[in-house]
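Just below is one structure, and these are the notes that go with it.
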Amino acid sequence: MNFEELISTEELCTRYRVEHTFIRYLGDSGLIEVIQVEQKEYVHCDNLGDFEKLHRLHYDLEINLEGIEAIHHLLRQVEKLQKKNRKLRNRLRLYEGD
């Protein structure tokens, strides 16, 4: 893992004006991956999009943390179903000759 791709949770708190407990909750609940290196916590830059989405749900739409977990779970299920649907459509096209 490249250390340059990590963003400290302190920087996220400052940049997004959130409390550290919010980031810790997201990490503890498995919504984002929080990495600990030498007594400091970091979030990989690949998880930044997910963090921003969860931040908007909580702070802009005022959805509580338990609601965020439920929404996150449902969105993952929808993504899985969309992938399965796309895969089945592609298989169907093979048989139809499109």
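The values are calculated or read from the model by the stated rules, or taken from the named source; none is laboratory data. From a predicted model like this one, the values you see are computed outputs, not experimental measurements. Here the Cβ is made from the backbone with ideal geometry for all residues, glycine too, and neighbour counts use every protein chain on show.
Could you list all residues from segment 18-63 that are over 19 Å from R76 (Cα atoms) and exposed (fewer than 12 other Cβ atoms within 10 Å of the Cβ)?
Residues satisfying the conditions are E19, T21, Q36, V37, E38, Q39, K40, D60, L61, E62.
So is I63 touching a residue at least 12 places away in the same chain (Cβ under 8 Å), over 10 Å from the mean Cα position of the chain (by Cα) and outside any helix (DSSP H, G or I) or not?
no
Given (1) more than 13 Å from the chain's Cα centre (by Cα); (2) within 25 Å of E5 (Cα to Cα), identify the lone condition not met by D46.
So the condition that D46 fails would be (1).
Pairs only if they're at least six apart or on different chains, beta carbon under 7 angstrom, first in segment 1-24 and at negative phi and free of Cβ contacts under 8 Å to residues at least 24 places away in the same chain, second part of a loop (DSSP other than H, G, I, E, B) and loosely packed, with under 13 Cβ neighbours inside 10 Å; list them, first residue then second.
Close Cβ pairs (under 7 Å, with a partner that is part of a loop (DSSP other than H, G, I, E, B) and loosely packed, with under 13 Cβ neighbours inside 10 Å) amount to C13/E19.
Of the residues in segment 24-35, how many are within 17 Å of I71 (Cα to Cα), aliphatic (A, V, I, L, M) and not in a loop (DSSP other than H, G, I, E, B)? Lay out the reasoning, then the answer.
Step one: filter segment 24-35 for residues within 17 Å of I71 (Cα to Cα), giving 25-32.
Now restrict to residues that are aliphatic (A, V, I, L, M): 26, 31-32.
Within this subset, residues satisfying the condition of being not in a loop (DSSP other than H, G, I, E, B) are 26.
So the answer is 1.
Checking the structure you have, find out if any residue of segment 83-98 is modelled with pLDDT under 95, over 26 Å from E10 (Cβ atoms) and in contact with a Leu (Cβ under 9 Å, 6 or more places away or on another chain).
Checked against the condition, which is being modelled with pLDDT under 95, over 26 Å from E10 (Cβ atoms) and in contact with a Leu (Cβ under 9 Å, 6 or more places away or on another chain), segment 83-98 yields at least one hit.
Would you confirm whether or not segment 8-15 contains a residue that is in contact with a strand residue (DSSP E or B) (Cβ under 7 Å, 6 or more places away or on another chain), of a type in the set (S, T, N, Q) and surrounded by fewer than 16 Cβ atoms within 10 Å (Cβ to Cβ)?
Of all residues in segment 8-15, those in contact with a strand residue (DSSP E or B) (Cβ under 7 Å, 6 or more places away or on another chain) come to 8-9, 12.
Add one more test, that the residue is of a type in the set (S, T, N, Q), and what stays is 8-9.
So of that shortlist, the ones also surrounded by fewer than 16 Cβ atoms within 10 Å (Cβ to Cβ) come out as 8.
Yes, the conditions are met somewhere in segment 8-15.
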